[in-house]
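> Shown below is the structure under consideration.
The values are calculated or read from the model by the stated rules, or taken from the named source; none is laboratory data. Because the structure is a prediction, the values reported are computed rather than measured. In this analysis, Cβ positions are derived from the backbone assuming ideal geometry, glycine residues included, and neighbour counts consider all displayed protein chains. Surface accessibility is based on the protein's heavy atoms, side chains included, excluding ligands, DNA and RNA. Shrake-Rupley method; radii C 1.70, N 1.55, O 1.52, S 1.80 Å.
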Amino acid sequence: MKVKVDFDRCQSNGLCEAIAPATFELDDDDYLQILDDEVTEQNREAIERAVASCPTSAISIVED
Amino acid sequence: MAHTPHFDLSDPAFDVTSDVVHAARDQQWYVETNWGWAVLRYAEANAILKDRRFRQGNARWPEQNGIHSGMFSDWWAEVLLSIEGDDHARIRRLLMPAFRNKAIAAMRPRFQALADELIDGFVERGEVEFVSEFAEPYASRIICVLLGLPEEDWPQVAHWADDLGRSFGISVAADLPRIEAALDGLHRHLDAVVTDRQATPRDDLVTTLLQAQETDGTLTRHELGVALVFLAFAGMETTRNQLGLALQTLLSHPDQWRLLGERPDLGGQAVEEIMRVNPTVTWITREAVEDVDLHGLHIPAGGIVQVLSHAAGTDPAAMPDPGFDITAVRPPHLGFGSGVHHCLGHFVARTDMAVALPLLARRMPDARADGPGEWLPVSGNTGPVRYPIRFTPGPRSGG
Ligand code: HEM
Ligand code: SF4
């Protein structure tokens, strides 16, 4: 499973970064970068919470 | 035939947290009101706030109250909440850097020092009028810091923000002269800061926005003025009211209040749990931009929908165990709205409240209400006007 962000929807508000900082990071120009798109046992909960918290529904978890 | 209820949201006696609302939620996901349809269940509320077939629904507020021209309606037409599409995205993007989590997290020590200072001011008395002695100066001084205003201006800024807040009251037309005077005062005050930062740049929000204006010319001085006044309006009353509501909820759960005093690390989660059950913005408004059919409800273009944040946050279908518990992790609450208009200042509000509440809990360990106080109607933007509290003073720092 992998994390996917729809950048047409992403508003760079950084909620996902605050919830799952190992996966999401806003760069210095406020563009969202995915640091690691792998969904694992360890990070699944945080990533699912980021998916639910994204105000513009820009994040999804997809099959490899 | 089952009786379908009809709510009057602007009746001062109507309470968005009452049993009639919960009973209506058991029957249907929406209910008709004097102000459009109210959405009562979490799943539908969450979906509608994010649905691009709706725009933020407060844009036509002045017009709906018979105000068609003048300073207030001109300003309101241009604020972030009222605009959509490319202009909205452009201005939000320009403001965003100042509201990033990292920028706000760096202000934590400042929030803490401010909270300590305010608490020191009353704690020995063992009693406090929470709104005027804590919630209002705390919220207002933080806005001053953010906007680069001298902190000692806070009473004036609070006063203006309060008068501007009347634009969301039922008597907005009658209050118009006060509202416009506040708007004018804030405009002039903030314009002086802009002029100052043009001459002497600092490491602050106004300087950053001025630089954005110079480097890519994407923000006019006029737009900058509109945005700064709106930030004062959007950030002051909301935070003040939400802090008062936070105390109301926590003091009715003394075990949770005690726990928060012992475990300041729970501050962040406590804020989430409080805003789920006791949000200050009790309706978040949307207007359909096209005809929308949703689960059996036809909403014509121009139709107004109110998302009732408390009803959604306590919906048993989404929160199987809806009791108040600051250690529980829940689906995200809707107290900051959602979609493209999701509150720009949420990291500010989340952080400043997460810092303040545990400090208050530690230093007022057995706090309880001292009389009924005075409260706004539990509809629209709600909270205490006066909230006297009594307590035995606790220690300033742990150990
Ligand atoms: C507890 C305190 C606060 C609450 C409950 C709150 C709540 C809200 C809500 C419900 C919205 C509308 C969202 C929607 O329609 O989906 C909003 C928008 C907004 N808030 Fe807040 N807010 C708070 C604090 C702040 C602070 C401290 C600031 C800034 C200093 C701020 C700035 C804004 C702005 C600029 C918008 C408009 C965003 C847009 O239209 O794109 N808010 N807020
Ligand atoms: S939470 Fe959503 S909108 Fe915000 S930065 Fe992450 S993906 Fe983008």
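One line per residue, one yes/no per condition, for (1) assigned to a loop (DSSP other than H, G, I, E, B); (2) open to solvent by 50 Å² or more (accessible area, probe 1.4 Å):
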| residue | (1), (2) |
| --- | --- |
| B:ASP26 | no, yes |
| B:ALA38 | no, no |
| B:LEU49 | no, no |
| B:ARG52 | yes, yes |
| B:GLU63 | no, yes |
| B:GLY66 | yes, yes |
| B:ARG93 | no, yes |
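> Tell me whether region B:183-203 contains one or more residues that are under 17 Å from the mean Cα position of the chain (by Cα), of a type outside the set (Lys, Arg) and modelled with pLDDT under 90. Working first, answer last.
First, pick out the residues of region B:183-203 that are under 17 Å from the mean Cα position of the chain (by Cα): none.
Checked region B:183-203: no residue is under 17 Å from the mean Cα position of the chain (by Cα), of a type outside the set (Lys, Arg) and modelled with pLDDT under 90.
> Then there is this: Exactly one condition in (1) open to solvent by 30 Å² or more (accessible area, probe 1.4 Å); (2) more than 9 Å from ligand 1 (Cβ to nearest atom) is not met by B:ALA354; state its number.
Of everything listed in (1) open to solvent by 30 Å² or more (accessible area, probe 1.4 Å); (2) more than 9 Å from ligand 1 (Cβ to nearest atom), B:ALA354 misses just condition (1).
> Can you pull out the residues in region A:30-64 that are assigned to a loop (DSSP other than H, G, I, E, B) and either open to solvent by 80 Å² or more (accessible area, probe 1.4 Å) or aromatic (Phe, Trp, Tyr) (or both)? Full working, then the answer.
At the first step, the residues of region A:30-64 found to be assigned to a loop (DSSP other than H, G, I, E, B) are A:30-31, A:35-37, A:39-43, A:54-58, A:63-64.
Across region A:30-64, the qualifying residues are A:TYR31, A:LEU35, A:GLU41, A:GLN42, A:GLU63, A:ASP64.
So that you can scan it fast, the table gives a plain yes or no per residue for (1) on the phi > 0 side of the Ramachandran plot; (2) away from chain B (no Cβ under 11 Å):
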site: A:ILE19; (1), (2): no, no
site: A:GLU25; (1), (2): no, no
site: A:ASP30; (1), (2): yes, no
site: A:ILE34; (1), (2): no, yes
site: A:THR40; (1), (2): no, yes
site: A:PRO55; (1), (2): no, no
site: A:ILE61; (1), (2): no, yes
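> Now, a different point. Among the residues of region B:155-171, is there at least one that is open to solvent by 30 Å² or more (accessible area, probe 1.4 Å) and within 30 Å of B:SER397 (Cα to Cα)? Write out each step before concluding.
As a first pass, look at region B:155-171 and keep what is open to solvent by 30 Å² or more (accessible area, probe 1.4 Å): B:155-156, B:159-160, B:162, B:166, B:168, B:170-171.
Then keep just the ones that are within 30 Å of B:SER397 (Cα to Cα); that gives B:155.
There is at least one residue in region B:155-171 that is open to solvent by 30 Å² or more (accessible area, probe 1.4 Å) and within 30 Å of B:SER397 (Cα to Cα).
> List every residue pair whose Cβ atoms sit under 8 Å apart, with the two residues 6 or more apart in sequence or on different chains, where the first one lies in region B:193-205 and is buried (at least 18 other Cβ atoms within 10 Å of the Cβ) and the second, anywhere, is among the polar types (S, T, N, Q).
What qualifies is B:ARG197/B:THR207.
> List every residue pair whose Cβ atoms sit under 7 Å apart, with the two residues 6 or more apart in sequence or on different chains, where the first one lies in region B:274-285 and is farther than 14 Å from B:GLN306 by Cα and the second, anywhere, is outside any loop (DSSP other than H, G, I, E, B) and modelled with pLDDT under 95.
Between residues of region B:274-285 that are farther than 14 Å from B:GLN306 by Cα and residues that are outside any loop (DSSP other than H, G, I, E, B) and modelled with pLDDT under 95, the close pairs are B:THR280/B:ASN381.
> Right, next: Take region B:96-131 and flag every residue that is in contact (Cβ under 8 Å) with a residue 60 or more places away in the chain, within 14 Å of another protein chain (Cβ to nearest Cβ) and not small (Gly, Ala, Ser).
B:MET96, B:PRO97, B:PHE99, B:ARG100, B:ASN101, B:ILE104, B:ARG108
> Determine, yes or no, whether B:GLY296 is surrounded by 18 or more Cβ atoms within 10 Å (Cβ to Cβ), away from ligand 2 (no atom under 16 Å from the Cβ) and either within 30 Å of B:ASP184 (Cβ to Cβ) or more than 14 Å from chain A (Cβ to nearest Cβ) (or both). Walk me through how you get there before you give the answer.
Numbers: surrounded by 18 or more Cβ atoms within 10 Å (Cβ to Cβ): no; away from ligand 2 (no atom under 16 Å from the Cβ): yes; either within 30 Å of B:ASP184 (Cβ to Cβ) or more than 14 Å from chain A (Cβ to nearest Cβ) (or both): yes.
Taking the combined requirement at face value, the residue does not satisfy it.
> In this structure, does A:ASP29 turn out to be away from ligand 1 (no atom under 16 Å from the Cβ), closer than 22 Å to B:LYS50 by Cα and charged (D, E, K, R)?
Values: away from ligand 1 (no atom under 16 Å from the Cβ): yes; closer than 22 Å to B:LYS50 by Cα: no; charged (D, E, K, R): yes.
Criteria not met by A:ASP29.
> Would you please name the residue that is farthest from B:LEU250 (Cα to Cα), looking only at residues in region B:124-148 that are away from ligand 1 (no atom under 14 Å from the Cβ), open to solvent by 20 Å² or more (accessible area, probe 1.4 Å) and touching a Lys or Arg at 6+ places or on another chain (Cβ under 9 Å)? Let's see the steps before the verdict.
So the first thing to find is which residues in region B:124-148 are away from ligand 1 (no atom under 14 Å from the Cβ), and the list is B:124-134, B:137.
From the residues that got through so far, the ones that are open to solvent by 20 Å² or more (accessible area, probe 1.4 Å) too are B:124-125, B:127, B:129, B:132-133.
Narrowing further to those that are touching a Lys or Arg at 6+ places or on another chain (Cβ under 9 Å): B:127, B:129, B:132.
Numbers: B:GLU127: 17, B:GLU129: 16, B:SER132: 19 Å.
Only one residue tops the list, namely B:SER132.
> Among the residues of region A:32-55, write down those that are polar (S, T, N, Q) and within 16 Å of ligand 1 (Cβ to nearest atom). Spell out how you get there, then give the answer.
At the first step, the residues of region A:32-55 found to be polar (S, T, N, Q) are A:33, A:40, A:42-43, A:53.
Once the filter is applied, which keeps residues that are polar (S, T, N, Q) and within 16 Å of ligand 1 (Cβ to nearest atom), region A:32-55 yields only A:SER53.
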